[in-house]
């Protein structure tokens, strides 16, 4: 949705990829419309991706909604550039980290919290 474009640019800057982004586009399609049989949503999204390749000179498209996950392969075939599904990319990255045996650090910022003297209503939740 168009109202999320500003936040998407903010996140691209935060993650250090803003300079690699040609544009962020919106199709104005509510995610649930992707589930309606006969909905034009898939065609609209594919057409917008094709415009991004043509108008923004994109080498790759990154879909911005988990509801579009099953569209990546068909859009890629249709427009001729790789299309990344963020859910699949994130899942594969986490799977790689697990396969490598990596876990969250337990030092500094990620250390377990120190025990605190908790009294009253929340005393049952105190770490001992």
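The values are calculated or read from the model by the stated rules, or taken from the named source; none is laboratory data. Values in this document were obtained by computation on a predicted structure and should not be read as measured data. Cβ atoms come from the backbone with ideal geometry, glycine included; neighbour counts cover every protein chain shown.
Take the residues in segment 54-94 that are in contact with a strand residue (DSSP E or B) (Cβ under 7 Å, 6 or more places away or on another chain) and farther than 20 Å from residue 34 by Cα, then tell me which one is surrounded by the most Cβ atoms within 10 Å (Cβ to Cβ). Here the answer is 81. Scan segment 106-120 and report the pairs whose first residue is surrounded by fewer than 10 Cβ atoms within 10 Å (Cβ to Cβ) and whose second residue is at pLDDT below 80, with Cβ atoms within less than 6 Å and a gap of 6+ or a chain change. Every condition considered, the pairs that remain are 115/127. The helices (runs of 4 or more DSSP H) found wholly in segment 1-89 and carrying at least 2 residues that are within 18 Å of the chain's Cα centre (by Cα) and touching a residue at least 24 places away in the same chain (Cβ under 8 Å) occupy 41-56. Which is touching a helix residue (DSSP H, G or I) at 6+ places or on another chain (Cβ under 9 Å) and farther than 16 Å from residue 86 by Cα, of 48, 28, 2? Answer to the selection: 28. Being over 23 Å from residue 12 (Cβ atoms) and at pLDDT below 90 holds for only one residue in 111, 115, 69, and it is 115.
Of the numbered criteria (1) at pLDDT 90 or above; (2) under 24 Å from residue 11 (Cβ atoms); (3) in contact with a helix residue (DSSP H, G or I) (Cβ under 9 Å, 6 or more places away or on another chain), the one residue 42 fails is (2).
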